[in-house]
2 protein chains.
Amino acid sequence: VKGLSVGRFVRGIRGILGQRFAPPTSLQDNPVLGLLYARRSTRRFLRTPLPADVMTAILDAGRLAPSTVNLQSWAFGVFDAASWRAAFGRGIPFGGTAAILICGDMHRPRQAIDDFPRKPLVDYTVAVMNASIAAYAMNIAAEALGVGSVMLSDTGRSGFYDGLYLREKLGLPEAVFPLMTLVLGYGAAGPGASPPKLPLDQVVFKGRYRESDPNVMKDWLDGMMSGYRAMHVVKSFKGQLRHYLSKVDEAEKGLHRMIFYAPEQSKRKGT
Amino acid sequence: VKGLSVGRFVRGIRGILGQRFAPPTSLQDNPVLGLLYARRSTRRFLRTPLPADVMTAILDAGRLAPSTVNLQSWAFGVFDAASWRAAFGRGIPFGGTAAILICGDMHRPRQAIDDFPRKPLVDYTVAVMNASIAAYAMNIAAEALGVGSVMLSDTGRSGFYDGLYLREKLGLPEAVFPLMTLVLGYGAAGPGASPPKLPLDQVVFKGRYRESDPNVMKDWLDGMMSGYRAMHVVKSFKGQLRHYLSKVDEAEKGLHRMIFYAPEQSKRKGT
(Lines give C-alpha, C1' and ligand atoms only; values in the text may rest on other atoms or scores of the structure.)
Protein backbone atom coordinates (compact mmCIF):
# COMPACT_ATOMS: atom_id res chain seq x y z
CA VAL A 1 0.00 0.00 0.00
CA LYS A 2 1.47 3.31 -1.07
CA GLY A 3 0.95 6.65 0.73
CA LEU A 4 -1.92 9.00 0.04
CA SER A 5 -1.46 12.32 -1.78
CA VAL A 6 -3.67 15.31 -0.95
CA GLY A 7 -5.46 14.95 -4.27
CA ARG A 8 -6.22 11.29 -3.72
CA PHE A 9 -7.29 12.03 -0.13
CA VAL A 10 -9.79 14.64 -1.32
CA ARG A 11 -11.13 12.39 -4.06
CA GLY A 12 -11.37 9.53 -1.57
CA ILE A 13 -13.35 11.58 0.95
CA ARG A 14 -15.62 12.92 -1.77
CA GLY A 15 -16.27 9.36 -2.89
CA ILE A 16 -17.26 8.27 0.62
CA LEU A 17 -19.49 11.27 1.36
CA GLY A 18 -21.12 11.00 -2.06
CA GLN A 19 -22.32 7.45 -1.48
CA ARG A 20 -26.12 7.13 -1.49
CA PHE A 21 -27.74 3.78 -0.88
CA ALA A 22 -31.43 3.29 -1.53
CA PRO A 23 -33.63 0.42 -2.67
CA PRO A 24 -34.99 0.52 -6.25
CA THR A 25 -37.72 3.22 -6.38
CA SER A 26 -40.44 0.59 -6.80
CA LEU A 27 -39.50 -0.98 -3.45
CA GLN A 28 -38.78 2.08 -1.33
CA ASP A 29 -41.59 1.65 1.20
CA ASN A 30 -40.30 -1.65 2.55
CA PRO A 31 -39.19 -1.14 6.20
CA VAL A 32 -36.90 -4.18 6.28
CA LEU A 33 -35.13 -3.20 3.05
CA GLY A 34 -34.85 0.34 4.36
CA LEU A 35 -33.05 -0.96 7.43
CA LEU A 36 -30.69 -3.17 5.40
CA TYR A 37 -29.68 -0.21 3.20
CA ALA A 38 -29.34 2.27 6.08
CA ARG A 39 -27.57 0.11 8.67
CA ARG A 40 -24.25 1.50 9.95
CA SER A 41 -21.84 0.33 12.60
CA THR A 42 -21.92 2.33 15.84
CA ARG A 43 -18.68 3.09 17.70
CA ARG A 44 -19.82 5.65 20.32
CA PHE A 45 -22.39 4.69 22.94
CA LEU A 46 -24.47 6.30 25.68
CA ARG A 47 -24.27 4.81 29.16
CA THR A 48 -27.98 3.87 29.15
CA PRO A 49 -28.23 0.09 29.61
CA LEU A 50 -30.42 -2.10 27.37
CA PRO A 51 -33.77 -3.26 28.82
CA ALA A 52 -34.07 -7.01 29.40
CA ASP A 53 -36.78 -7.54 26.74
CA VAL A 54 -34.60 -5.83 24.13
CA MET A 55 -31.66 -8.09 24.98
CA THR A 56 -33.92 -11.17 24.82
CA ALA A 57 -35.25 -10.21 21.38
CA ILE A 58 -31.71 -9.66 20.08
CA LEU A 59 -30.54 -13.06 21.38
CA ASP A 60 -33.69 -14.75 20.03
CA ALA A 61 -32.92 -13.41 16.55
CA GLY A 62 -29.61 -15.30 16.75
CA ARG A 63 -31.17 -18.41 18.26
CA LEU A 64 -33.82 -18.61 15.50
CA ALA A 65 -31.43 -18.00 12.59
CA PRO A 66 -31.19 -20.75 9.96
CA SER A 67 -28.25 -23.16 10.13
CA THR A 68 -26.74 -26.03 8.14
CA VAL A 69 -28.72 -29.22 8.96
CA ASN A 70 -30.40 -27.12 11.70
CA LEU A 71 -27.32 -27.80 13.85
CA GLN A 72 -27.49 -24.40 15.59
CA SER A 73 -23.73 -24.70 16.02
CA TRP A 74 -23.27 -21.46 17.92
CA ALA A 75 -22.87 -20.23 21.49
CA PHE A 76 -23.44 -16.67 22.67
CA GLY A 77 -21.45 -15.32 25.61
CA VAL A 78 -23.50 -12.47 27.09
CA PHE A 79 -21.87 -9.65 29.06
CA ASP A 80 -22.74 -6.34 30.63
CA ALA A 81 -20.05 -3.78 31.41
CA ALA A 82 -19.36 -5.31 34.84
CA SER A 83 -19.11 -8.94 33.77
CA TRP A 84 -16.95 -8.00 30.77
CA ARG A 85 -14.60 -6.20 33.14
CA ALA A 86 -14.60 -9.18 35.51
CA ALA A 87 -13.69 -11.54 32.68
CA PHE A 88 -11.12 -9.43 30.82
CA GLY A 89 -9.97 -6.71 33.24
CA ARG A 90 -11.05 -3.83 30.98
CA GLY A 91 -14.18 -2.18 29.61
CA ILE A 92 -16.28 -3.26 26.64
CA PRO A 93 -14.66 -1.85 23.45
CA PHE A 94 -15.93 1.62 22.41
CA GLY A 95 -17.82 1.91 25.71
CA GLY A 96 -20.71 -0.39 24.74
CA THR A 97 -23.14 -1.26 27.55
CA ALA A 98 -23.55 -4.91 26.52
CA ALA A 99 -21.62 -7.41 24.44
CA ILE A 100 -22.31 -10.78 22.88
CA LEU A 101 -19.30 -12.94 22.10
CA ILE A 102 -20.39 -15.12 19.19
CA CYS A 103 -18.72 -18.52 18.97
CA GLY A 104 -19.03 -21.31 16.45
CA ASP A 105 -19.89 -24.34 18.60
CA MET A 106 -19.46 -27.88 17.27
CA HIS A 107 -18.99 -29.15 20.81
CA ARG A 108 -22.73 -29.12 21.60
CA PRO A 109 -23.95 -31.03 18.51
CA ARG A 110 -21.08 -33.46 18.99
CA GLN A 111 -22.24 -34.16 22.56
CA ALA A 112 -25.77 -34.90 21.27
CA ILE A 113 -24.95 -36.91 18.13
CA ASP A 114 -22.45 -39.52 19.23
CA ASP A 115 -21.48 -40.85 15.81
CA PHE A 116 -20.88 -37.44 14.28
CA PRO A 117 -17.53 -37.63 12.49
CA ARG A 118 -14.78 -35.19 13.35
CA LYS A 119 -13.51 -33.46 10.20
CA PRO A 120 -11.64 -30.30 11.23
CA LEU A 121 -12.24 -28.11 8.18
CA VAL A 122 -15.81 -29.24 7.52
CA ASP A 123 -16.59 -28.69 11.19
CA TYR A 124 -14.96 -25.28 11.20
CA THR A 125 -16.74 -24.18 8.02
CA VAL A 126 -20.14 -25.19 9.40
CA ALA A 127 -19.38 -23.50 12.72
CA VAL A 128 -18.21 -20.22 11.16
CA MET A 129 -21.03 -20.06 8.58
CA ASN A 130 -23.79 -20.70 11.08
CA ALA A 131 -22.41 -18.46 13.82
CA SER A 132 -21.82 -15.58 11.38
CA ILE A 133 -25.40 -15.84 10.14
CA ALA A 134 -26.63 -15.72 13.74
CA ALA A 135 -24.37 -12.74 14.42
CA TYR A 136 -25.89 -10.74 11.58
CA ALA A 137 -29.40 -11.70 12.69
CA MET A 138 -28.60 -10.17 16.10
CA ASN A 139 -27.06 -7.11 14.47
CA ILE A 140 -30.25 -6.56 12.44
CA ALA A 141 -32.52 -7.16 15.44
CA ALA A 142 -30.56 -4.60 17.45
CA GLU A 143 -30.79 -2.06 14.65
CA ALA A 144 -34.55 -2.69 14.39
CA LEU A 145 -34.87 -1.87 18.11
CA GLY A 146 -32.91 1.36 17.84
CA VAL A 147 -29.84 -0.20 19.42
CA GLY A 148 -26.47 0.56 17.84
CA SER A 149 -23.86 -2.13 17.45
CA VAL A 150 -20.54 -3.03 15.89
CA MET A 151 -19.17 -6.49 15.11
CA LEU A 152 -15.54 -6.79 16.20
CA SER A 153 -13.37 -9.68 15.12
CA ASP A 154 -9.85 -8.23 15.30
CA THR A 155 -10.24 -5.27 17.65
CA GLY A 156 -10.06 -5.35 21.45
CA ARG A 157 -9.13 -9.04 21.74
CA SER A 158 -12.76 -9.93 21.15
CA GLY A 159 -12.75 -12.28 18.15
CA PHE A 160 -10.99 -14.98 16.15
CA TYR A 161 -7.76 -12.99 16.19
CA ASP A 162 -7.50 -13.88 19.89
CA GLY A 163 -9.17 -17.26 19.99
CA LEU A 164 -6.82 -19.01 22.41
CA TYR A 165 -6.91 -16.05 24.81
CA LEU A 166 -10.72 -16.07 24.83
CA ARG A 167 -10.82 -19.84 25.18
CA GLU A 168 -8.68 -19.69 28.29
CA LYS A 169 -10.53 -16.72 29.83
CA LEU A 170 -13.99 -18.25 29.33
CA GLY A 171 -13.25 -21.96 29.67
CA LEU A 172 -14.34 -22.78 26.13
CA PRO A 173 -14.06 -26.49 25.29
CA GLU A 174 -12.43 -27.74 22.11
CA ALA A 175 -14.52 -27.24 18.96
CA VAL A 176 -15.87 -23.94 20.35
CA PHE A 177 -14.43 -21.14 18.22
CA PRO A 178 -14.73 -17.50 19.35
CA LEU A 179 -15.31 -15.45 16.19
CA MET A 180 -16.48 -11.95 16.95
CA THR A 181 -18.10 -9.74 19.57
CA LEU A 182 -21.26 -7.80 18.91
CA VAL A 183 -20.83 -4.64 21.00
CA LEU A 184 -24.22 -3.10 21.80
CA GLY A 185 -25.63 0.12 23.22
CA TYR A 186 -27.67 3.17 22.42
CA GLY A 187 -25.69 5.26 19.94
CA ALA A 188 -24.18 8.55 21.15
CA ALA A 189 -24.06 10.10 17.66
CA GLY A 190 -26.03 9.97 14.44
CA PRO A 191 -25.07 7.50 11.72
CA GLY A 192 -21.74 8.34 10.11
CA ALA A 193 -20.76 7.98 6.46
CA SER A 194 -20.53 4.45 5.13
CA PRO A 195 -17.07 3.13 4.34
CA PRO A 196 -16.62 2.78 0.57
CA LYS A 197 -18.77 0.01 -0.87
CA LEU A 198 -17.91 -1.73 -4.12
CA PRO A 199 -20.46 -1.38 -6.94
CA LEU A 200 -22.66 -4.39 -7.61
CA ASP A 201 -20.98 -5.21 -10.93
CA GLN A 202 -17.69 -5.79 -9.08
CA VAL A 203 -19.02 -8.38 -6.65
CA VAL A 204 -21.48 -10.18 -8.96
CA PHE A 205 -20.58 -12.62 -11.72
CA LYS A 206 -22.83 -14.46 -14.16
CA GLY A 207 -21.78 -17.82 -15.50
CA ARG A 208 -18.03 -17.79 -14.92
CA TYR A 209 -16.05 -15.78 -12.36
CA ARG A 210 -15.01 -12.33 -13.55
CA GLU A 211 -11.99 -10.38 -12.34
CA SER A 212 -12.69 -6.99 -10.79
CA ASP A 213 -11.71 -3.74 -12.50
CA PRO A 214 -8.29 -2.53 -11.22
CA ASN A 215 -9.35 1.13 -11.51
CA VAL A 216 -12.48 0.59 -9.45
CA MET A 217 -10.42 -1.28 -6.85
CA LYS A 218 -7.85 1.55 -6.76
CA ASP A 219 -10.63 4.07 -6.07
CA TRP A 220 -11.97 1.77 -3.38
CA LEU A 221 -8.57 1.55 -1.70
CA ASP A 222 -8.17 5.33 -1.87
CA GLY A 223 -11.57 5.65 -0.22
CA MET A 224 -10.56 3.19 2.49
CA MET A 225 -7.32 5.06 3.21
CA SER A 226 -8.95 8.51 3.09
CA GLY A 227 -11.80 7.46 5.34
CA TYR A 228 -9.40 5.98 7.82
CA ARG A 229 -7.28 9.11 7.80
CA ALA A 230 -10.34 11.34 8.30
CA MET A 231 -11.59 9.25 11.25
CA HIS A 232 -8.22 8.83 12.96
CA VAL A 233 -6.22 12.03 13.15
CA VAL A 234 -3.06 10.35 14.39
CA LYS A 235 -3.33 6.80 13.11
CA SER A 236 -3.13 5.92 9.43
CA PHE A 237 -4.52 3.02 7.45
CA LYS A 238 -0.92 1.91 6.86
CA GLY A 239 -0.28 2.05 10.59
CA GLN A 240 -3.37 -0.03 11.19
CA LEU A 241 -2.22 -2.49 8.56
CA ARG A 242 1.14 -2.77 10.30
CA HIS A 243 -0.62 -3.48 13.61
CA TYR A 244 -2.70 -6.14 11.87
CA LEU A 245 0.42 -7.67 10.34
CA SER A 246 2.20 -7.75 13.70
CA LYS A 247 -0.53 -10.02 15.09
CA VAL A 248 -1.44 -12.10 12.06
CA ASP A 249 1.18 -14.81 12.59
CA GLU A 250 -0.03 -15.43 16.12
CA ALA A 251 -3.66 -15.42 14.94
CA GLU A 252 -2.86 -17.98 12.24
CA LYS A 253 -1.11 -20.27 14.73
CA GLY A 254 -3.99 -19.93 17.20
CA LEU A 255 -6.55 -20.86 14.55
CA HIS A 256 -4.45 -23.85 13.56
CA ARG A 257 -4.37 -25.10 17.12
CA MET A 258 -8.10 -24.60 17.63
CA ILE A 259 -9.21 -26.19 14.35
CA PHE A 260 -6.81 -29.16 14.25
CA TYR A 261 -6.82 -30.12 17.93
CA ALA A 262 -5.78 -33.71 18.75
CA PRO A 263 -6.36 -35.05 15.23
CA GLU A 264 -5.06 -38.57 15.97
CA GLN A 265 -7.29 -39.12 18.96
CA SER A 266 -10.42 -38.01 17.15
CA LYS A 267 -9.45 -40.04 14.08
CA ARG A 268 -9.68 -43.19 16.21
CA LYS A 269 -12.94 -42.04 17.73
CA GLY A 270 -14.48 -40.81 14.42
CA THR A 271 -15.54 -42.67 11.26
CA VAL B 1 -27.73 -42.13 16.52
CA LYS B 2 -30.19 -44.79 17.64
CA GLY B 3 -33.51 -45.55 15.93
CA LEU B 4 -36.75 -43.83 16.74
CA SER B 5 -39.60 -45.58 18.61
CA VAL B 6 -43.23 -44.66 17.92
CA GLY B 7 -43.48 -42.94 21.28
CA ARG B 8 -40.41 -40.82 20.65
CA PHE B 9 -41.63 -40.03 17.12
CA VAL B 10 -44.96 -38.76 18.44
CA ARG B 11 -43.29 -36.72 21.18
CA GLY B 12 -40.83 -35.33 18.64
CA ILE B 13 -43.57 -34.24 16.22
CA ARG B 14 -45.60 -32.71 19.06
CA GLY B 15 -42.52 -30.78 20.12
CA ILE B 16 -42.02 -29.37 16.62
CA LEU B 17 -45.65 -28.45 16.01
CA GLY B 18 -45.93 -26.93 19.48
CA GLN B 19 -43.14 -24.44 18.85
CA ARG B 20 -44.30 -20.81 18.98
CA PHE B 21 -41.85 -18.02 18.32
CA ALA B 22 -42.80 -14.43 19.09
CA PRO B 23 -40.96 -11.32 20.23
CA PRO B 24 -41.46 -10.18 23.84
CA THR B 25 -45.00 -8.71 24.13
CA SER B 26 -43.61 -5.19 24.58
CA LEU B 27 -41.90 -5.39 21.16
CA GLN B 28 -44.52 -7.18 19.09
CA ASP B 29 -45.27 -4.37 16.63
CA ASN B 30 -41.78 -4.27 15.16
CA PRO B 31 -41.91 -5.43 11.50
CA VAL B 32 -38.23 -6.37 11.29
CA LEU B 33 -38.37 -8.43 14.48
CA GLY B 34 -41.57 -10.03 13.24
CA LEU B 35 -39.76 -11.13 10.09
CA LEU B 36 -36.76 -12.49 12.00
CA TYR B 37 -39.04 -14.59 14.24
CA ALA B 38 -41.28 -15.81 11.39
CA ARG B 39 -38.67 -16.55 8.70
CA ARG B 40 -38.73 -20.13 7.36
CA SER B 41 -36.80 -21.86 4.60
CA THR B 42 -38.79 -22.51 1.41
CA ARG B 43 -38.30 -25.74 -0.53
CA ARG B 44 -41.18 -25.61 -3.05
CA PHE B 45 -41.37 -22.82 -5.61
CA LEU B 46 -43.74 -21.47 -8.27
CA ARG B 47 -42.40 -21.00 -11.79
CA THR B 48 -42.96 -17.22 -11.67
CA PRO B 49 -39.57 -15.53 -12.20
CA LEU B 50 -38.32 -12.71 -9.94
CA PRO B 51 -38.59 -9.13 -11.31
CA ALA B 52 -35.24 -7.43 -11.95
CA ASP B 53 -35.72 -4.77 -9.23
CA VAL B 54 -36.37 -7.49 -6.66
CA MET B 55 -33.18 -9.31 -7.62
CA THR B 56 -31.21 -6.04 -7.47
CA ALA B 57 -32.51 -5.26 -3.98
CA ILE B 58 -31.60 -8.76 -2.77
CA LEU B 59 -28.06 -8.50 -4.17
CA ASP B 60 -27.67 -4.97 -2.77
CA ALA B 61 -28.49 -6.27 0.71
CA GLY B 62 -25.50 -8.59 0.37
CA ARG B 63 -23.28 -5.93 -1.15
CA LEU B 64 -24.01 -3.46 1.69
CA ALA B 65 -23.59 -5.96 4.53
CA PRO B 66 -20.87 -5.18 7.08
CA SER B 67 -17.52 -6.96 6.78
CA THR B 68 -14.24 -7.27 8.67
CA VAL B 69 -12.08 -4.20 7.86
CA ASN B 70 -14.75 -3.42 5.20
CA LEU B 71 -13.00 -5.96 2.94
CA GLN B 72 -16.27 -7.08 1.28
CA SER B 73 -14.55 -10.42 0.73
CA TRP B 74 -17.42 -12.05 -1.12
CA ALA B 75 -18.50 -12.83 -4.67
CA PHE B 76 -22.04 -13.64 -5.77
CA GLY B 77 -22.61 -15.94 -8.74
CA VAL B 78 -26.08 -15.11 -10.09
CA PHE B 79 -28.13 -17.66 -12.05
CA ASP B 80 -31.57 -18.10 -13.52
CA ALA B 81 -32.90 -21.55 -14.35
CA ALA B 82 -31.33 -21.53 -17.84
CA SER B 83 -27.84 -20.36 -16.85
CA TRP B 84 -27.80 -22.79 -13.89
CA ARG B 85 -28.63 -25.61 -16.28
CA ALA B 86 -25.96 -24.41 -18.73
CA ALA B 87 -23.34 -24.39 -15.96
CA PHE B 88 -24.24 -27.62 -14.16
CA GLY B 89 -26.38 -29.67 -16.55
CA ARG B 90 -29.38 -29.84 -14.20
CA GLY B 91 -32.07 -27.62 -12.68
CA ILE B 92 -31.78 -25.33 -9.67
CA PRO B 93 -32.37 -27.44 -6.51
CA PHE B 94 -36.02 -27.61 -5.36
CA GLY B 95 -37.12 -25.91 -8.60
CA GLY B 96 -36.08 -22.39 -7.58
CA THR B 97 -36.30 -19.75 -10.33
CA ALA B 98 -33.06 -17.97 -9.37
CA ALA B 99 -29.96 -18.85 -7.39
CA ILE B 100 -27.05 -16.94 -5.88
CA LEU B 101 -23.87 -18.91 -5.24
CA ILE B 102 -22.19 -17.13 -2.35
CA CYS B 103 -18.41 -17.36 -2.25
CA GLY B 104 -15.88 -16.05 0.21
CA ASP B 105 -13.48 -14.06 -1.97
CA MET B 106 -10.00 -13.10 -0.73
CA HIS B 107 -8.76 -12.98 -4.31
CA ARG B 108 -10.26 -9.54 -4.97
CA PRO B 109 -8.87 -7.71 -1.90
CA ARG B 110 -5.52 -9.43 -2.53
CA GLN B 111 -5.45 -7.99 -6.06
CA ALA B 112 -6.07 -4.49 -4.68
CA ILE B 113 -3.81 -4.53 -1.61
CA ASP B 114 -0.48 -5.80 -2.84
CA ASP B 115 1.24 -6.26 0.52
CA PHE B 116 -1.62 -8.15 2.10
CA PRO B 117 -0.11 -11.22 3.79
CA ARG B 118 -1.32 -14.69 2.89
CA LYS B 119 -2.35 -16.58 6.04
CA PRO B 120 -4.58 -19.48 5.03
CA LEU B 121 -6.74 -19.84 8.14
CA VAL B 122 -7.05 -16.13 8.88
CA ASP B 123 -7.98 -15.55 5.23
CA TYR B 124 -10.49 -18.38 5.26
CA THR B 125 -12.09 -17.22 8.52
CA VAL B 126 -12.51 -13.67 7.23
CA ALA B 127 -13.88 -14.95 3.91
CA VAL B 128 -16.41 -17.32 5.50
CA MET B 129 -17.56 -14.84 8.16
CA ASN B 130 -18.10 -12.00 5.74
CA ALA B 131 -19.73 -14.08 3.00
CA SER B 132 -22.08 -15.78 5.49
CA ILE B 133 -23.18 -12.41 6.83
CA ALA B 134 -23.87 -11.24 3.27
CA ALA B 135 -25.79 -14.46 2.59
CA TYR B 136 -28.12 -13.88 5.50
CA ALA B 137 -28.61 -10.25 4.49
CA MET B 138 -29.83 -11.51 1.10
CA ASN B 139 -32.02 -14.14 2.74
CA ILE B 140 -33.68 -11.44 4.88
CA ALA B 141 -34.09 -9.06 1.94
CA ALA B 142 -35.76 -11.82 -0.09
CA GLU B 143 -38.10 -12.64 2.78
CA ALA B 144 -38.96 -8.94 3.14
CA LEU B 145 -39.95 -8.89 -0.55
CA GLY B 146 -42.18 -11.95 -0.27
CA VAL B 147 -39.60 -14.15 -1.98
CA GLY B 148 -38.96 -17.58 -0.49
CA SER B 149 -35.46 -18.95 -0.22
CA VAL B 150 -33.30 -21.70 1.21
CA MET B 151 -29.57 -21.65 1.86
CA LEU B 152 -27.92 -24.87 0.66
CA SER B 153 -24.40 -25.77 1.62
CA ASP B 154 -24.35 -29.57 1.36
CA THR B 155 -27.33 -30.31 -0.92
CA GLY B 156 -27.29 -30.36 -4.72
CA ARG B 157 -23.54 -29.79 -5.13
CA SER B 158 -24.10 -26.12 -4.45
CA GLY B 159 -21.84 -25.28 -1.50
CA PHE B 160 -18.62 -25.89 0.41
CA TYR B 161 -19.21 -29.65 0.29
CA ASP B 162 -18.40 -29.49 -3.43
CA GLY B 163 -15.92 -26.63 -3.54
CA LEU B 164 -13.49 -28.08 -6.07
CA TYR B 165 -16.33 -29.08 -8.40
CA LEU B 166 -17.77 -25.56 -8.31
CA ARG B 167 -14.34 -24.00 -8.74
CA GLU B 168 -13.77 -26.00 -11.90
CA LYS B 169 -17.27 -25.38 -13.32
CA LEU B 170 -17.17 -21.62 -12.75
CA GLY B 171 -13.47 -20.85 -13.21
CA LEU B 172 -13.01 -19.62 -9.64
CA PRO B 173 -9.46 -18.47 -8.87
CA GLU B 174 -7.57 -19.55 -5.77
CA ALA B 175 -8.75 -17.87 -2.56
CA VAL B 176 -12.35 -17.87 -3.83
CA PHE B 177 -14.32 -20.32 -1.69
CA PRO B 178 -17.83 -21.42 -2.72
CA LEU B 179 -19.84 -21.74 0.49
CA MET B 180 -23.55 -22.00 -0.16
CA THR B 181 -26.28 -21.30 -2.68
CA LEU B 182 -29.28 -19.15 -1.87
CA VAL B 183 -32.09 -20.72 -3.92
CA LEU B 184 -34.84 -18.16 -4.60
CA GLY B 185 -38.39 -18.07 -5.91
CA TYR B 186 -41.97 -17.38 -4.96
CA GLY B 187 -43.06 -20.07 -2.51
CA ALA B 188 -45.55 -22.70 -3.69
CA ALA B 189 -46.81 -23.49 -0.19
CA GLY B 190 -47.37 -21.67 3.08
CA PRO B 191 -44.63 -21.66 5.72
CA GLY B 192 -44.09 -25.10 7.25
CA ALA B 193 -43.28 -25.92 10.86
CA SER B 194 -39.89 -24.81 12.11
CA PRO B 195 -37.31 -27.51 12.78
CA PRO B 196 -36.70 -27.86 16.51
CA LYS B 197 -34.92 -24.84 17.96
CA LEU B 198 -32.89 -25.04 21.15
CA PRO B 199 -34.10 -22.88 24.04
CA LEU B 200 -32.15 -19.70 24.72
CA ASP B 201 -30.66 -21.00 27.97
CA GLN B 202 -28.91 -23.78 26.02
CA VAL B 203 -27.10 -21.50 23.58
CA VAL B 204 -26.31 -18.59 25.92
CA PHE B 205 -23.64 -18.52 28.58
CA LYS B 206 -22.73 -15.81 31.05
CA GLY B 207 -19.18 -15.48 32.26
CA ARG B 208 -17.79 -18.96 31.58
CA TYR B 209 -18.98 -21.52 29.02
CA ARG B 210 -21.70 -23.82 30.25
CA GLU B 211 -22.39 -27.33 28.99
CA SER B 212 -25.82 -27.97 27.53
CA ASP B 213 -28.40 -30.14 29.28
CA PRO B 214 -28.23 -33.74 27.91
CA ASN B 215 -32.01 -34.18 28.32
CA VAL B 216 -32.78 -31.05 26.35
CA MET B 217 -30.35 -32.17 23.66
CA LYS B 218 -31.98 -35.62 23.55
CA ASP B 219 -35.39 -34.01 23.00
CA TRP B 220 -33.86 -31.84 20.30
CA LEU B 221 -32.40 -34.87 18.51
CA ASP B 222 -35.74 -36.69 18.75
CA GLY B 223 -37.39 -33.64 17.21
CA MET B 224 -34.81 -33.58 14.42
CA MET B 225 -35.32 -37.26 13.64
CA SER B 226 -39.11 -37.10 13.87
CA GLY B 227 -39.32 -34.01 11.69
CA TYR B 228 -37.11 -35.62 9.11
CA ARG B 229 -39.20 -38.79 9.14
CA ALA B 230 -42.43 -36.80 8.78
CA MET B 231 -41.08 -34.80 5.83
CA HIS B 232 -39.45 -37.70 3.98
CA VAL B 233 -41.62 -40.78 3.82
CA VAL B 234 -38.92 -43.03 2.45
CA LYS B 235 -35.69 -41.46 3.67
CA SER B 236 -34.68 -41.36 7.32
CA PHE B 237 -32.47 -39.00 9.29
CA LYS B 238 -30.05 -41.90 9.74
CA GLY B 239 -30.04 -42.48 5.99
CA GLN B 240 -29.33 -38.81 5.42
CA LEU B 241 -26.54 -38.97 8.00
CA ARG B 242 -25.04 -41.96 6.11
CA HIS B 243 -25.16 -39.97 2.86
CA TYR B 244 -23.45 -37.07 4.60
CA LEU B 245 -20.79 -39.40 5.99
CA SER B 246 -20.13 -40.93 2.57
CA LYS B 247 -19.14 -37.51 1.23
CA VAL B 248 -17.48 -35.92 4.25
CA ASP B 249 -13.97 -37.28 3.59
CA GLU B 250 -13.97 -35.86 0.08
CA ALA B 251 -15.34 -32.53 1.36
CA GLU B 252 -12.59 -32.33 3.99
CA LYS B 253 -9.87 -33.01 1.41
CA GLY B 254 -11.37 -30.44 -0.97
CA LEU B 255 -11.42 -27.77 1.72
CA HIS B 256 -7.83 -28.58 2.62
CA ARG B 257 -6.74 -28.09 -1.00
CA MET B 258 -8.66 -24.85 -1.37
CA ILE B 259 -7.53 -23.28 1.91
CA PHE B 260 -3.87 -24.34 1.87
CA TYR B 261 -3.09 -23.87 -1.81
CA ALA B 262 0.60 -23.42 -2.73
CA PRO B 263 1.73 -22.36 0.74
CA GLU B 264 5.45 -22.18 -0.12
CA GLN B 265 4.96 -19.92 -3.09
CA SER B 266 2.75 -17.50 -1.18
CA LYS B 267 5.12 -17.57 1.78
CA ARG B 268 7.83 -16.10 -0.43
CA LYS B 269 5.39 -13.58 -1.85
CA GLY B 270 3.78 -12.72 1.52
CA THR B 271 5.15 -11.00 4.63
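The values are calculated or read from the model by the stated rules, or taken from the named source; none is laboratory data. Computed from a predicted model, the values in this text were never measured in an experiment. Ideal geometry is used to build each Cβ from the backbone, glycine not excepted, and the neighbour counts take in all protein chains shown. With ligands, DNA and RNA removed, areas are computed over all heavy atoms of the protein, side chains included. Shrake-Rupley method; radii C 1.70, N 1.55, O 1.52, S 1.80 Å.
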- For B:206-219, what's the mean count of beta carbons from other chains sitting within 10 Å of each residue's beta carbon? 4
- the range B:195-225: trypsin sites (Lys or Arg not before Pro) in DSSP coil with no more than 16 other Cβ atoms inside 10 Å: B:208, B:210
- How large are Rg and Dmax for the range B:1-68 when only the alpha carbon atoms are used, in Å? 18.9, 50
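From the alpha carbon gyration tensor of the range B:45-107, can you work out the equivalent ellipsoid semi-axes (sqrt of 5 times each eigenvalue) and give them in Å, largest to smallest?
25, 15, 8
Can you give the Rg/Rh ratio of the range B:86-214, where Rg is from the C-alpha atoms and Rh is the Kirkwood radius?
Details: Rg = 17.8 Å, Rh = 17.1 Å.
Reported Rg/Rh, Kirkwood definition of Rh: 1.04.
Can you give the relative contact order of the range A:110-188 as a percent, counting alpha carbon pairs under 8 Å and 6+ residues apart?
Reported relative contact order: 29 percent.
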- Karplus-derived HN-Hα couplings along the range A:79-95 (A = 6.51, B = -1.76, C = 1.60, θ = phi - 60°), whole Hz, x at Gly and Pro: 9, 9, 4, 6, 6, 5, 5, 5, 6, 10, x, 7, x, 5, x, 6, x
- Query: What is the spin-label model distance, in nm, from residue A:218 to residue B:10 if the labels are put 7 Å beyond Cα along the C-beta direction?
  - Reply: 7.4 nm
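Using only alpha carbon pairs under 8 Å that are at least six residues apart, calculate the relative contact order of the range A:123-271 and give it in whole percent. Let's see the in-between values first.
On the way: 112 pairs, mean separation 34.0, N = 149.
Over the range A:123-271, the number comes to 23 percent.
Could you work out the Kirkwood radius for the range A:148-258, taking every pair of different alpha carbons, averaging 1/r and inverting it, reported in Å?
Working: mean 1/r = 0.0587 Å⁻¹.
Radius from the Kirkwood sum: 17.0 Å.
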- Just how far, in whole angstrom, is the range B:180-217 from the range B:69-100 if you go by their alpha carbon centroids? 26 Å
- Item | Under-5 Å amide H pairs with residue A:149, H placed in peptide plane, nonlocal only | A:42
- Averaging over all projection directions, find the projected area of the Cα convex hull of the range B:9-124 and quote it in nm² with one decimal place. 12.8 nm²
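Nearest 100 Å² is fine: how much accessible area is buried between B and A, summed over both sides, with a 1.4 Å probe?
Working: alone 16260 and 16240 Å², together 22840 Å².
Accessible area lost upon association: around 9700 Å².
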- Message: Can you compute the equivalent ellipsoid semi-axes for the range B:129-205, i.e. the square root of 5 times each eigenvalue of the Cα gyration tensor, sorted largest first and rounded to whole Å?
- Response: 26, 18, 13
- Taking the convex hull of the Cα atoms, report for chain A its projected area averaged over all directions, in nm². 17.8 nm²
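Give the residue list of trypsin sites (Lys or Arg not before Pro) in the range A:61-155 that are DSSP loop and have at most 13 other beta-carbon atoms within 10 angstrom.
On the way: sites: A:63, A:85, A:90, A:110, A:118; in loops: A:90, A:118.
Answer in residue order: A:90.
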- Mind ordering B:146-156, B:175-185 by average Cβ neighbours within 10 Å, highest first? B:175-185, B:146-156
- Run the numbers on chain A and let me know its relative contact order in percent, using alpha-carbon pairs under 8 Å that are six or more apart. 27 percent
- Query: Considering only protein heavy atoms, what per residue accessible area in square angstrom results for the protein assembly as shown with a 1.4 angstrom probe?
  - Reply: 42 Å²
- Item | Among the listed pairs B:197/B:218; A:119/B:247; A:218/A:238; A:169/B:218; B:218/B:247; A:218/B:119, those beyond 18 Å (Cα-Cα) | A:169/B:218; B:218/B:247; A:218/B:119
- Task: Starting from one equal scatterer on each C-alpha and no solvent at all, send me the Debye-based log10 I(q)/I(0) for the protein assembly as shown at q = 0.07, 0.12 Å⁻¹, two decimals.
- Result: -0.36, -1.20
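Given just the C-alpha atoms of the range A:107-147, how large is their convex hull per residue in cubic angstrom? Walk me through the intermediate numbers first.
On the way: hull volume 2.8 nm³, N = 41.
Normalising the Cα hull of the range A:107-147 by residue number yields 69 Å³.
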